[in-house]
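Below is one structure, written out as C-alpha cells; the observations come after it.
Any read-out appearing in this document is the output of simple, stated calculations on the displayed coordinates, not a laboratory observation. All values reported here derive from a predicted model rather than from experimental measurement.
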Amino acid sequence: MSDEADDLSLRAMVSETPSASFEYREAKKHADAMLKHRDDLVQEISVLEQRVNEYLDRMKDARL
C-alpha cells in the first residue's frame, strides 16, 4: 500500500496534474488507514495473547 502511494506521489510531482495529485492523496489516505488498522490489530493480538497466557497460568495453578 505505501509503495503504491509513494509511486503515485512521484507521478503527481512529475505530471503536476490535479488528477495525479488526487490519486496520490487517495492512495495515501488508504495506505494510512491500512497502517492504522494493522497497528490496531497488532495491539489487539498482544492483548489476546496476554489473556491466553493468564488463563493458561490459572489452569496450571488449578491443577497443582
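Full extension of the segment from Arg11 to Arg38, taken as 0.36 nm per residue of separation minus the current Cα-Cα distance, would add 7.1 nm. Relative to the longest principal axis of the chain, what angle (0 to 90°, nearest 10) does the C-alpha long axis of helix 18-63 take? It is inclined by approximately 0 degrees. Axis angle, to the nearest 10 degrees, between helix 2-15 and the longest C-alpha principal axis of the chain: 10 degrees.
With the Cα gyration tensor of the chain in hand, give its eigenvalues times 5 under a square root as the equivalent ellipsoid semi-axes, listed largest first in whole angstrom.
They are 47, 8, 4 Å, listed from largest to smallest.
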